[in-house]
Amino acid sequence: MIIQTIKQSLVELFPPVEAAPAPVAEETAEDEGAKKAPAKAEPRVNGVITCDYNATGYHLDAQVDPDQLLDAVSRIDAAGFFIESITGVDWLKENQLEVVYDFARYDFDLCRVVIRTRVDRAISEVPTITGIYSGANWHERETHDFFGIKFTGHPHLVPLLLPEDADFHPLLKDFKA
């Protein structure tokens, strides 16, 4: 099936990681009565996750570094996927912006894949994928308008929906109207 093929292709982008054994916490008599604070969620590491399509709407979820983005998207294109959408997510507390790319195939094997990449809010640049998917042009311009993410190498990164002189990005969480 295409899901296993594209997963294997994307997994090749990441070096194998040896898992360190989890530290074992010893309980003391004092700890038994104390309330435990919820564990802080660690940021997701780069890699590929197989998802439940019925719960998430996609089969594979890959998080890559911006310098791996073009390689990942090229692999998706070579497997016959088309681009559905591109959008951004503002992770204000983490001081990051995320670009989310949705791809799909609807031929013999239904398969939807999401590629994510995160960048620092202060240096919000990712390479354009318009050289691979020309249809990404409009989506990247819209994402730039609303989140301020710069797509380096984009052939015409001018405002699409906002006024030409707009110096604001209305979908950033710290935007004040």
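Here, each number is a calculation from the coordinates, and none is a lab measurement. All of these numbers come straight from a predicted model, not from anything done at the bench. Cβ sites come from the backbone with ideal geometry, for glycine too, and all protein chains shown count toward neighbours.
With θ set to phi - 60° and the Karplus curve 6.51 cos²θ - 1.76 cosθ + 1.60, what are the ³J(HN,Hα) couplings of the stretch 91-104 in order, to the nearest whole Hz, using x for Gly and Pro?
Using θ = phi - 60°, the values come out as 9, 4, 5, 8, 6, 9, 10, 10, 10, 10, 10, 10, 10, 8 Hz.
Given the peptides 144-150, 61-67, arrange them by the average over their residues of other C-beta atoms within 10 Å, most packed first. Walk me through the numbers before you get to the answer.
Values: 144-150: 20.6, 61-67: 17.9.
Ranked by mean Cβ neighbours within 10 Å, highest first: 144-150, 61-67.
I need the peptides 4-15, 96-107, 155-166 ranked by packing, meaning the mean over residues of other C-beta atoms within 10 angstrom, with the highest value on top.
Numbers: 4-15: 15.2, 96-107: 18.7, 155-166: 11.2.
Top to bottom by mean Cβ count within 10 Å: 96-107, 4-15, 155-166.
Out of residues 5 or more away from Glu84 or on other chains, whose amide H comes under 5 Å of its own, with H placed 1.01 Å from N in the peptide plane?
Sorted by chain and number, the residues that satisfy this are Asp102, Phe103, Ala104.
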